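Take a look at the structure below.
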Amino acid sequence: MADAQRAVFLDKDGTLVEDVPWNVDPALLRFTPHAVDGLKLLAAHGWRLIVVTNQPGIALGRFDADALARLEQALCERLAEQGVVLDGFFACPHAPDSPGCDCRKPQPGLLRQAQRRHGLRLSASWMIGDILDDVEAGARAGCRTVLMDVGNETVWRASPWRQPTCVAGDLLDAARQIVALSPAGARDAPVTAAGALP
Ligand SMILES: [Zn+2]
């Protein structure tokens, strides 16, 4: 995979957009503070931008896959209006503890789906999220991680997988730290603490 790309995986609810429980109404989409500027910075430095989101509302009957697809389309359009290309959108439709689901974060299945579809280099990629389940999913996939600490994590269950590489106050802060820790043009990130875990 000599030409594999690096990506920043973005949690959706609470990280990229304000969390509105069970929302699939495009009219209620609100970006978190400085989110679009953060995405522009990452895109300018060559990262693919990929959303990875748990959407148990599908399994629980709150909305259907078509409604989520319309929300994804609206999200892409809202970003495109500001010159940002969203390269991928991967959702786990399963309820918590569903047998056979390997994609609900903190599992890394969504990141691996994205890796296969887009030819990504996970060791050069990052995961940004507002809770430690996002951090764990990123670490388990072999990525470095940013916890956007905006008050949404409340449990703080600790494990070696749940130690973020960095902590940020918003998405622009996260993007700046990622850029600072990833030398320009470097296609191979140094081996990370997360990647060295068993
Ligand atoms: Zn799943």
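The values are calculated or read from the model by the stated rules, or taken from the named source; none is laboratory data. As the structure is a prediction and not an experimental result, all values here were calculated from the model. A quick note on method: Cβ atoms are made from the backbone with ideal geometry, for glycine too, and the neighbour counts reach across all protein chains shown. In case anyone asks, the SASA skips ligands and DNA or RNA and just uses the protein heavy atoms, side chains included. Shrake-Rupley method; radii C 1.70, N 1.55, O 1.52, S 1.80 Å.
Pick from 117, 176: which is closer than 14 Å to residue 5 by Cα and open to solvent by 50 Å² or more (accessible area, probe 1.4 Å)? If you could, list the steps in order and put the result at the bottom.
On the way: 176 fails: closer than 14 Å to residue 5 by Cα.
The unique qualifying residue is 117.
Suppose we filter the range 49-67 for residues that are in contact (Cβ under 8 Å) with a residue 12 or more places away in the chain, open to solvent by 40 Å² or more (accessible area, probe 1.4 Å) and not in a helix (DSSP H, G or I); how many remain? Spell out the reasoning first.
To start, the set of residues in the range 49-67 that are in contact (Cβ under 8 Å) with a residue 12 or more places away in the chain comprises 49-60, 62-63, 65, 67.
Remaining after also requiring open to solvent by 40 Å² or more (accessible area, probe 1.4 Å): 58-60, 62, 65.
Retained after the next criterion (residues that are not in a helix (DSSP H, G or I)): 58-60, 62.
Matching residues across the range 49-67 total 4.
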Against the conditions (1) surrounded by 23 or more Cβ atoms within 10 Å (Cβ to Cβ); (2) outside any helix (DSSP H, G or I), where does residue 134 fall short? Just the number, please. (2)
Conditions first: (1) over 18 Å from residue 7 (Cα atoms); (2) within 16 Å of the ligand (Cβ to nearest atom). Residue 134 passes all but one, so which condition is the exception? (1)
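Table: residues versus (1) within 16 Å of the ligand (Cβ to nearest atom); (2) within 16 Å of residue 133 (Cα to Cα).
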site: 58; (1), (2): yes, no
site: 71; (1), (2): no, no
site: 74; (1), (2): no, no
site: 80; (1), (2): no, no
site: 94; (1), (2): yes, yes
site: 104; (1), (2): yes, yes
site: 110; (1), (2): yes, yes
Residue tally, condition free of Cβ contacts under 8 Å to residues at least 24 places away in the same chain and either surrounded by fewer than 20 Cβ atoms within 10 Å (Cβ to Cβ) or in contact with a Phe, Trp or Tyr (Cβ under 6 Å, 6 or more places away or on another chain) (or both), over the range 93-114: 7
Against the conditions (1) within 22 Å of residue 121 (Cα to Cα); (2) outside any loop (DSSP other than H, G, I, E, B), where does residue 46 fall short? Just the number, please. (2)
In the range 137-161, what residues are without any contact (Cβ under 8 Å) to a residue 40 or more places away in the chain, surrounded by fewer than 24 Cβ atoms within 10 Å (Cβ to Cβ) and not in a loop (DSSP other than H, G, I, E, B)? 140, 160
Residue 133, sole failed condition from (1) more than 14 Å from the chain's Cα centre (by Cα); (2) acidic (Asp, Glu); (3) closer than 23 Å to residue 22 by Cβ: (1)
